[in-house]
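Here is the structure we will look at.
The values are calculated or read from the model by the stated rules, or taken from the named source; none is laboratory data. Predicted, not measured: the structure shown is a model, and the values here were computed from it. Every residue, glycine as well, gets a Cβ built from its backbone with ideal geometry; the counts of neighbours run over all protein chains shown. Side chains included, ligands, DNA and RNA excluded: accessible areas come from the protein's heavy atoms. Shrake-Rupley method; radii C 1.70, N 1.55, O 1.52, S 1.80 Å.
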Amino acid sequence: MPISLSVISEFTSLLVAIFSYKKLRGTWYVYAIPFLFFVLYAEAGAIYHIVAFSGTYNPRGNTHIYLWVSIIETIFYSRFFWEAFKSKVLKKTTESMAIVIIASYLFLFFFSYVFVEPYFYLMALNGFCFTILSCIYFYRLFINAEEENALSLPDFWMAVGIFTFFSGIGLSFVLHKTLEHANIKLMGLYLYNIIPQVLSIILYGCFITAFILCRKRKTI
């Protein structure tokens, strides 16, 4: 079974989170451990599904697995922004956005037979929403900047990872057909396959940075 860069970055991030458990306990970041475990398990399952059923006709592919990954991601990242925002309006906006997106994913899973293309468009919409929430977070962080350096804040690095990942993912899914037909390869992988993996490395690298900063802040 081929191992993707995404799986490696998720596994590394999970190990750091488990190693940092004592420092993460009592903070919101402790929930990253079950989240990362689920994502890693699902990602490995999705890869195995493609390998195991490569010779059979399956119009859904492994998209049904990634649908549930997207649902859990939406819950987790929405909760992050809900915790980060102080404004009741922004909290309510985040909740409403999450409910609409999760309901759309569930509708796709239960009522659509072939949902690869709709899933791409939903991921693009999801990416746009989380990009906007990240920009709002950055704006409010810098206009309310105090003496503390933003680079020392775990939340800042989480927002950086979310912004980079979802803005890139949203754009790549919008341009999926263009990238797929371009047949551009890097290191033996098609461009539309390698982009999500590179974005995953950045995202989970930001996770690791946030965990390390949590350890430092607890130590101090």
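Details
- For the peptides 90-102, 127-139, residues were scored by their other Cβ atoms within 10 Å and the scores averaged per peptide; the highest-first order is 127-139, 90-102.
- In this simple spin-label approximation, residue 175 and residue 193 carry label points 7 Å from Cα along the Cα→Cβ vector, and these lie 2.0 nm apart.
- Portion, in percent, of the accessible area of segment 82-147 that falls on carbon or sulfur, probe 1.4 Å: 70 percent
- Inter-label distance, nm, simple model (7 Å from Cα along the C-beta direction), residue 68/residue 21: 2.3 nm
- ³J(HN,Hα), Karplus 6.51/-1.76/1.60, whole Hz, each residue of segment 86-100, x for Gly, Pro: 9, 6, 5, 5, 5, 4, 5, 4, 4, 4, 5, 4, 5, 4, 5
- Projecting label points 7 angstrom from Cα along Cα→Cβ for residue 153 and residue 110 puts them 3.9 nm apart.
- Taking all protein chains as shown and a probe of 1.4 angstrom, residue 119 keeps an accessible surface of around 20 Å².
- Using θ = phi - 60° and Karplus 6.51 cos²θ - 1.76 cosθ + 1.60, couplings along segment 26-35 (whole Hz; Gly, Pro as x): x, 10, 5, 5, 5, 6, 5, 5, x, 5
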